[in-house]
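Report on one structure; see the data block that follows.
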Amino acid sequence: MTTPTSYIASIGTALPGDPVDNATLSKVLGINEEWIEVFIGTRTRYFARDLGTGVVRWSLADLCAQAAERALAAPGVDPSEIEFIVLGTATPDTLMPATVNHVADQLGLDQVPTLQLQSGCAGAVQALGVAQSMIASGQYRTGLVIGGDVCSKHLDLQRDVSGAASGDLVNYVLFGDGAGAAVLTDEPRGQGVALRQVLNRFTGLGRKPGQVIEWFGLADRYDDRQALTEDYKAIEEFVPVMAVEILWEMLGELDWEADQLDYLLPPQLSGRMTRRITEELDVPTAKEISCVADTGNNGNALPFLQMEKLLEGMSGGERALAVAVESSKWIKAGFALEKI
């Protein structure tokens, strides 16, 4: 079933500090620069923490507020019209208060509903879906949708990883930090891009998680477990397959043909994996919109970074389809856009 149409009026994004290239990262971690370039294929990423001192320079709320401010400053958008905020993240600043409420506070938005969704790479798409449903209900006309993650806070910078196995090193070189935001409306304004379809579907019944982020409490603060672990082999095996399934499932629901796509926004795992997935998707008529090789995998910020890049060149009547896969417990996600 096709979801009711809402519209993206504007996009804003925020990346912390200066880009960290592979040469700098390899020196800090004491690992091989060539391995990062070949195995991961990501050139730069951004960190909210200072790699030398470990000090957090930007919280997730800071980055989300920066992205939202940029979206709210766009032509055709009035901040006073925002009626709700939905945030998708896997890495909130605290268990309580919810990060979305700190964001609302920084933006000066009071007396509005705030919702926070706890999810990984599908979180931003889930937030878009919730916002779309709220607007479709007729109760709201304009809302703010945000996605972001600060993954670097889960990395132990004091750990000696020079002799670690590739599977352990992945998390140190794959991820980055950032945030993105979009203003959704019930009629075309600003960018005037129609959100035609949103897909969110859990498909992990009986399957082991591909990624786990621990949330340590006082009782296990000194546990030897790593905060972040992932089965990268499982991710490499299943994500490309799931991406193809998502593409054709969404095209069928939209009644679109593959050759009618002008743009394709593939999953943003890493530079190398994104290239492989795009080849598997095999939509030669569609221009690929990717950013992960330059931004790192900053989770729920990625769809907004892709959309920002997309809207720079999207013309009236053109269509785009975004595919996202969450490997934590295997979620299919995606959305379709059409320029009015």
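Values in this text are rule-based calculations from the coordinates and carry no lab data. Being a predicted model, the structure only gives us computed values, none of them experimental. Virtual Cβ from ideal backbone geometry, glycine too; neighbours counted across all protein chains shown.
Observations on the structure shown:
- Base-10 log of normalised Debye intensity for the stretch 239-334 (one unit scatterer per alpha-carbon) at q = 0.11, 0.14, 0.16, 0.19 Å⁻¹: -0.28, -0.46, -0.61, -0.88
- In this label model, ARG159 and VAL112 are separated by 3.8 nm, measuring between points 7 Å along each Cα→Cβ vector.
- Listed residue (LEU95, GLY210, LEU254) projecting farthest to the positive dipole end of the chain, Cβ model: LEU95
- Distance violations [Cα-Cα > 19 Å] among LYS287/LYS329; LYS208/LYS329; LYS153/LYS332: LYS287/LYS329; LYS153/LYS332
- Net charge, THR53 excluded, C-beta distance under 15 Å - Lys, Arg +1, Asp, Glu -1: +1
- Shown in residue order for the stretch 112-118 are the 3J(HN,Hα) couplings computed by the Karplus curve 6.51 cos²θ - 1.76 cosθ + 1.60 at θ = phi - 60°: 10, x, 10, 10, 10, 9, 9 Hz (x for Gly and Pro).
- Summing charges over neighbours of ALA333, with a neighbour being any other residue whose Cβ is under 10 Å away from its Cβ, gives +1 when K and R count +1 and D and E count -1.
- Over all other residues within a Cβ to Cβ distance under 10 Å of LEU72, the charged ones net out to -2, with Lys and Arg as +1 and Asp and Glu as -1.
- Fewest neighbouring Cβ atoms within 10 Å first, the residues ASP160, ASP168 line up as ASP160, ASP168.
- Sites excluded, chymotrypsin sites (Phe, Trp or Tyr not before Pro) in DSSP loops with at most 12 other C-beta within 10 Å, longest stretch of the chain: 1-214
- Counting DSSP beta bridges with both ends in the chain, the antiparallel % (nearest 5): 75
- Helices in the chain, meaning DSSP H runs of at least 4 residues, each add -39500 (n - 2.57). Divided by all residues, the mean residue ellipticity at 222 nm is -9000 deg cm²/dmol.
- Reciprocal of mean inverse Cα separation for the stretch 6-185 (Kirkwood radius, Å): 17.3
- The string of couplings for the stretch 72-80 from the Karplus curve (6.51, -1.76, 1.60, θ = phi - 60°) is 6, 8, 6, x, x, 10, 10, x, 5 Hz, one whole number per residue in order, with x for Gly and Pro.
- Residues in the stretch 253-265 carry Karplus couplings, in order, of 5, 7, 6, 9, 8, 4, 6, 8, 7, 8, 9, 10, 10 Hz; the curve used is 6.51 cos²θ - 1.76 cosθ + 1.60 with θ = phi - 60°, and Gly or Pro positions show x.
- For the stretch 145-195, trypsin sites (Lys or Arg not before Pro) meeting the loop criterion (DSSP other than H, G, I, E, B) and having at most 12 other Cβ atoms within 10 Å: ARG159.
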